Amino acid sequence: MMIDMTYDLHVGDIHVTELSDEYNKLCIPSEDSLTDGQINVFQKILDCVSGTGDSEMRAAYKVGFKDSVALMMEIK
């Protein structure tokens, strides 16, 4: 729980790159050719993918935090 709170404090400090050129080439033209209903589904899919990435980043942060604590304990 405390690791989650620490992660949440640093989320704003994590800088990501701009959308890739490949993303722009694939998604934006595709989205322009979809109906409103299809765009809604497409955006929900992208939200799911983003949520998965967020979960993976949170898990990696926790592992890194725990590893750092273990290293500090060894040095002590």
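The values are calculated or read from the model by the stated rules, or taken from the named source; none is laboratory data. Remember, it's a predicted structure, so these values are computed and weren't measured experimentally. Backbone-built Cβ (ideal geometry, glycine too); neighbour counts: all protein chains shown. For the accessible areas, the whole protein counts, side chains as well, though only heavy atoms, and no ligand, DNA or RNA atoms are used. Shrake-Rupley method; radii C 1.70, N 1.55, O 1.52, S 1.80 Å.
What pairs can you find where one residue is in the stretch 64-75 and part of a helix (DSSP H, G or I), the other is open to solvent by less than 60 Å² (accessible area, probe 1.4 Å), and their Cβ atoms are less than 6 Å apart, with a gap of 6+ or different chains?
These pairs meet every condition: Phe65/Ile3.
Over 20 Å from the mean Cα position of the chain (by Cα) and hydroxyl-bearing (Ser, Thr, Tyr) - does that describe any residue in the stretch 35-55?
Initial filter on the stretch 35-55 (over 20 Å from the mean Cα position of the chain (by Cα)): 35-40.
Checking the rest, the ones that are also hydroxyl-bearing (Ser, Thr, Tyr) come to 35.
Checking the stretch 35-55: at least one residue is over 20 Å from the mean Cα position of the chain (by Cα) and hydroxyl-bearing (Ser, Thr, Tyr).
Residues of the stretch 21-49 being surrounded by 10 or more Cβ atoms within 10 Å (Cβ to Cβ) and among the polar types (S, T, N, Q), which ones?
Hits for the stretch 21-49 are Asn24, Ser30, Gln38, Asn40, Gln43.
Report the residue count in the stretch 10-61 for those that are in contact with a Phe, Trp or Tyr (Cβ under 8 Å, 6 or more places away or on another chain) and at pLDDT 85 or above.
Of the residues in that region, 1 qualify.
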